[in-house]
Amino acid sequence: MARIDAFFKLMNDQKASDVHLVSGQQPVLRIRGDLERVKYKTLDDDELRSMLYEITPEDKIKIFEETGDLDFSYEIPGLARYRCNFFRQKNGIGAVFREIPSEILSVEQLGLPQVVSRLAMLPRGIVLVTGPTGSGKSTTLAAIIDEANRKRKDHILTIEDPIEFVHTSKNCVVNHREISTHTKSFSSALRAALREDPDIILVGEMRDLETIRLAVEAAATGHLVFSTLHTNSAAKTVDRIIEVFPTGEQPQIRSTLADGLRAVVSQALFKRIDVKGRCAVLEILIATHAVRALIREGKTHQIPSAIQTGKKYGMQTLDDSIMARLKAGMISPDEAYMKCVEKEKFRQYLTGTPEDFTEV
């Protein structure tokens, strides 16, 4: 047992999502979104480095020594997997670990709308799950992929940095590929993927122009592609993809994306006030013919209105999702107000002055 495993056990016991181990500071856990210090001595650089290197493959140590940054995954059998990030900082080495549960929860267990599970059964196209870091994108995608794994008879290929949720082949054949370990980059893995007979491709993150281009092309050639972006609404997601391309290519990518896009799920996490834990609120855009026409014509500013009128297709705005959680007594009025789009709708629920005075 590695010495650092004790922190992971504590993390699991406290239901923490992350643990921060940084030279010159005490360990810190993120519990229900808040950082809380652990009653432990200040971490010494040499001791922490030794502790971290104990679980790090030799080739990864070399990468970190050369670059000062490192991402990889670590697993404690029977407990959980961890997404690991090492970095250099003023006082020495630092690391942040995100827990990836060994159990993959279903869409129903996560309390997500039923339309999310239907995304797993799409024959082709691109589905994007978006939101800020730590908003539960990977958990939602894992639930969708697990749904496909149970109900389809296809080849699922995941390309991640690092591998997060591990899916055991059920009705589908599932292959996991990790950037820098099994392949050079997202773009090189996507190029190779088209020769590996996949039906469903999960791209951990669309980070650059080449990856976005290849993912959209894969969707256009008959594959079902899932991926993530760090955007906080459906309209901004569409804009972000298009704006990555040079101006001269943007009309073409608008047309290609309009044809290939199937859905955008944009989510945020809220602290629950009724029980311990957090819950997701979702904006859901389904790419109907009307929505595709808006994308093709460059009228993405009208997408929020299309979501409002598309409820029969399973669409919902972020504010409607927040309001439903608020009225169910699951989240606080203050956090609802802080994270909503149209503040006026939620002002009546406040009992005092909102924390963010710039939003008043």
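Please work out whether region 106-181 counts as rounded, prolate or oblate from its C-alpha gyration tensor, where a ≥ b ≥ c are the square roots of the eigenvalues and a/c under 1.5 means rounded, while otherwise a/b larger than b/c means prolate and anything else oblate?
Working: a/c = 1.63, a/b = 1.06, b/c = 1.53.
In terms of gyration-tensor shape, oblate.
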Subject >> Contour minus Cα-Cα distance for residue 44 and residue 121 (0.36 nm per residue) >> reply: 22.7 nm
Subject >> Top of 154, 13, 199 by mean-square fluctuation, Gaussian network on the chain, Cα under 10 Å >> reply: 13
Original post:
Each label point is 7 Å from the Cα along the Cα-to-Cβ direction; what then is the distance between the points at residue 14 and residue 349, in nm?
Top reply: 3.0 nm
Original post:
What translational D, rounded to a whole number of µm²/s, comes out for region 162-259 from Stokes-Einstein when the hydrodynamic radius is the Kirkwood one over Cα pairs, at 20 °C and 1.002 mPa s?
Top reply: 148 µm²/s
Original post:
How far apart, in nm, are two points set 7 Å out from the Cα along the Cα-to-Cβ line at residue 293 and at residue 34?
Top reply: 5.0 nm
**OP:** Return 1, 121, 338 ranked ascending by Cβ neighbour count within 10 Å, so the fewest neighbours appear first.
**Re:** 1, 121, 338
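With 10 angstrom as the radius, rank 327, 345 by how many other C-beta atoms surround their C-beta, starting from the fewest.
Values: 327 11, 345 15.
With the fewest neighbours first, 327, 345 line up as 327, 345.
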Subject >> Segment residue 182-residue 168, extension gain: residue separation times 0.36 nm, minus the distance between their alpha carbons >> reply: 3.2 nm
Original post:
Given 337, 77, 326, which one lies farthest toward the positive end of the charge dipole of the chain, if we put +1 on the Cβ of every Lys and Arg and -1 on the Cβ of every Asp and Glu?
Top reply: 326
**OP:** With a point put 7 Å past each Cα toward its Cβ, work out how far residue 272 is from residue 106 in nm, to one decimal.
**Re:** 1.8 nm
Subject >> Gain on full stretching of the segment that runs from residue 302 to residue 6 - 0.36 nm per residue minus C-alpha separation >> reply: 101.4 nm
Subject >> Rounded, prolate or oblate (a/c below 1.5 giving rounded, otherwise prolate when a/b exceeds b/c) for region 5-101 by Cα gyration tensor >> reply: oblate
Original post:
Is the shape of region 107-345 rounded, prolate or oblate, going by the alpha carbon gyration tensor and its root eigenvalues a ≥ b ≥ c, with a/c under 1.5 for rounded and a/b larger than b/c for prolate?
Top reply: oblate
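Please sort through the DSSP H helices of the chain and keep those with an alpha-carbon extent of at least 18 Å along the long axis and a Kyte-Doolittle average not below -0.5. Could you put the intermediate results ahead of the total?
On the way: long enough: 137-151 (21 Å, -0.45).
The answer, listed by residue number, is 137-151.
Would you mind ranking 213, 240 so that the residue whose beta carbon has the fewest other beta carbons within 10 Å leads the list? Display every interim value, and only then the final one.
Values: 213 19, 240 16.
Ranking 213, 240 by Cβ neighbours within 10 Å, fewest first, gives 240, 213.
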Subject >> For a label point 7 Å along the Cα-to-beta-carbon line of residue 54, residues of region 74-88 with backbone N under 18 Å >> reply: 74-77, 79-80, 82, 84-86
Subject >> Value of Rg to Rh for region 218-335 (Rh from inverse mean 1/r over Cα pairs, i.e. Kirkwood) >> reply: 1.04
Original post:
What is the calculated FRET efficiency for residue 26 to residue 65, with r their C-beta to C-beta distance and R₀ = 22 Å, to the nearest 0.05?
Top reply: 0.30
**OP:** In a Gaussian network model over the chain where Cα atoms closer than 10 Å are linked, find which of 337, 74, 53 has the largest mean-square fluctuation.
**Re:** 53
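Only the coordinates and a few stated rules stand behind these numbers; no lab work does. This structure is a prediction, so every number in the text was calculated from the model and none was measured. Neighbour counts run over all protein chains shown; Cβ positions are idealised from the backbone, glycine included.
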